[in-house]
1. What is the packing order of peptides B:305-316, A:227-238, A:87-98, taking the mean over residues of other C-beta atoms within 10 Å and listing the highest first?
2. What size of dipole, in debye to the nearest 20, comes out for the range B:195-313 about its Cα centre when the only charges are +1 on Lys and Arg C-beta atoms and -1 on Asp and Glu C-beta atoms?
3. Which of the peptides B:425-432, A:277-284, B:96-103, A:198-205 is most tightly packed, and how do the rest follow, judged by the mean count of other Cβ atoms within 10 Å per residue?
4. Put +1 on the Cβ of each Lys and Arg and -1 on the Cβ of each Asp and Glu in the protein assembly as shown; which of B:GLY50, B:PRO157, A:LEU27 then has its Cα farthest toward the positive end of the dipole?
5. With the crude spin-label approximation of a point 7 Å out along Cα→Cβ, what separation in nm comes out for A:SER106 versus B:ASP293?
6. Once phi is turned into θ = phi - 60°, what whole-Hz ³J(HN,Hα) does the Karplus curve with 6.51, -1.76 and 1.60 give for every residue of the range A:207-219, x standing for Gly and Pro?
7. Take A:ASP229 and B:GLU60, extend 7 Å from each Cα along the Cα→Cβ direction, and tell me the distance between the two endpoints in nm.
8. Which one of A:ASN168, A:ASN258, A:ASN70 has the biggest mean-square fluctuation once chain A is modelled by GNM with Cα springs under 10 Å?
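What follows is calculated from the coordinates using simple rules that are stated; it is not laboratory data. For clarity, every value in this text was computed on a predicted model and none was experimentally measured. Because the Cβ atoms are built from the backbone with ideal geometry, glycine has one as well, and the counts that use them run over all protein chains shown.
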Amino acid sequence: MNSLRNQTLVAAVLVAPFVAIYSWMFLWPTVQMVQLSLTDAPLIGEGKYIGLANYERLIQDKTFGKAIWNTAYFVLLTVIPGTAAALAIALMVSRLKGWLQSLVLSAFFLPFVLPVTVVYLLWQWMFDIQFGIMQAVLEPIYGQTVNVWRRLPFFMPTVALLTIWWTNGFSILLFLAGLRNIPKELYEAASLDGATRWQAFSRITWPLIWPVTVLCLTIQLILQLKIFDQVYLFASGGRTQSTMVLVQYIFDQAFVHNDGGYAAAIAVALFVIVVAFSVFQYQILRIRGPK
Amino acid sequence: MARGQTGPVTQGGTAMMKNLLGAAGLMALLAASAAQAKETVVWWDFLGGGDGARMKTLLEEFNAEHADSIEIQATTLDWGVPFYTKVQTSAAVGEGPDVMTYHASRLPLAVSQSTLSELTPDDMAVMGMTPDTFAPATWDAVNVDGKQYAVPFDTHPIVLYYNKDKLEAAGLLGADGLPTGLNGIDNFSAAMAKMQEGGTKWGMAITTADGGFAFRTIYSYLCQQNGSIGNDGAWLVDDNAEKLANSVQVIADWVSNGYAPSYTEYPAAVALFTSGEAAFMINGVWEVPTMVDLEKNGKLFNWGAIELPVMFDKPCTYADSHAFAIPNNAGKPATPEKHAAVLEVIKWMSEHSLFWASAGHIPANKSVQELPEYLAMQPQATYATLIPNQVFDPKSVFAGVASPLFDAAGNAFTAAMNGEVSPTDAVAEMKASLDALQ
């Protein structure tokens, strides 16, 4: 009994630093954010309590609705297509051997190490309506040159495309590691049994690579829900209200409009959305269950 | 650790601590005496690019001249919202710089946030300045509610750049060697058409992909009709909405008539002009170094820059001012010595702004504008005629560079300039978003 109490005490002491730092650095700011969202505070300084007025404004705010839609659209355009592309590329790269595989892999991984500003400048010029090399691709398809950063229907798909190009190296790496872990004997046995290539993929590769797929999807989902940099950079000076995404709207209200209280209300809304998504995803993973 | 060891360790530690304390005290004394002899001024600016390189030269000169009295420790930060956010947050906790560059157009917001210290008439007297040191519009721009919050260093308007070779070939240069016959919408269009008939691809290079940037031009044309954007709670009242739509229409017509390329980004617009594919360019004076450098390397045609031609009733050009402001560092007011050093920095910079003019900007100090060296500087002296015709941003917390006003313009006018929506609808959209500001 005494030793149990001692153990509890030791455990508490050991856990205390984490709990203290976590409460101080994460929980307390979260509480403060909720408090802030109930005030009309500017970015710096105190505001007065205004109840739920910020949330009432949020519900009627068209730009907020647009930001939710744009964020969801962007997630839709990047998470599953990006992961599928990464799997396809990884399957192809895994068939290569030796130095050639390293070379091709590093070619796919190279964009991932670029900072977003470099990505921005690269693609800005590639798609430039006067001098861009991509216009040679777009013009025959669309019939005329087009500024993809200013024509709304083109904006999100193009940003999604370059985001996949930019961030896919990491997913490819994860998939490649997963593929290497599948024992060769399984494929040998399958081919002895006369399995086709599709059967080998759907019955062996796909089920065994599924945990990695889930990991990639999760990382991508969290990453893309927080989309900010690319949209901010490419839309800057143009139709920012129409291409607004959630994190950008928080930034816009807090730092451009100097409205800390309202920005906090949007942040709380984003927090709720992310929590809801996480629970939803957790449930889906539970359905697939531990095998 | 065994108990027996504690004694000696503590004793040794105390002795060592004493030594350390002594050394630290000595260092502090040395530092204090050095500080008495030499004042350090922490300086923040947002000047990258061509003007940043020139500012660096000025700062080096200042430090060399004041080697035993003042040292400026300068840091260049990112232009726009990042700079102003950093200034606001650091001043609020007393960690701001001693002096910084500031856009005059951003002063009303800064004052409402208590980010800036007021400059008194006594301060101005110490610097040997009065309101008459500056042009009236420039002086007015640094005053908010009757109090002065910054010292103007320059004004940086937009101007019309032109390809002198092409204009000469088309007979559009007057006897004085300057462009002629460009006033009025029809005359200007005719001039652009003539250029294109002569084999130039575009008449005009203008940033049509960025309504926020193009707002500087649109705002100038609004003022040329005696129009005004209005102010908090009363945006675009009376016929001002109509006048603003007229202004947008000017650029929309250039695009739809094929004089100016649609949806063109800033760097591409500059490239179109410098490569000779466009005969004219409307852009800020800060592009002057680009032209000068290209010309020096023999990679540019003969060129010039003039005040914006009059499209409507009177000459008028958008301008902003780089000014020096002193942050209101909360809880850490500057010592009198520090304040004097800061004033000396501002005074020196203002008096040496002739060199700054090589970056294209017009020195705010009138006595510098009158120097023979400035009058010999081309094209700076030519477009300096616009000084009496400047219009600054409205005095609103929502106005200024990288502000909600510019943002609203970007959203409303980008599509309108390129014919996706009508100028009237765009102005209505802009008015709605301005009215929604709170």
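1. A:227-238, B:305-316, A:87-98
2. Computed about the Cα centre, the dipole is about 360 debye.
3. Numbers: B:425-432: 19.8, A:277-284: 11.6, B:96-103: 25.1, A:198-205: 13.6.
Per-residue mean Cβ counts within 10 Å order the peptides as B:96-103, B:425-432, A:198-205, A:277-284.
4. After comparing all options, I get A:LEU27.
5. 3.3 nm
6. For the range A:207-219, the Karplus curve yields x, 6, 8, 3, x, 5, 4, 4, 4, 4, 4, 5, 4 Hz.
7. For the pair A:ASP229/B:GLU60, the computed spacing is 3.3 nm.
8. A:ASN258
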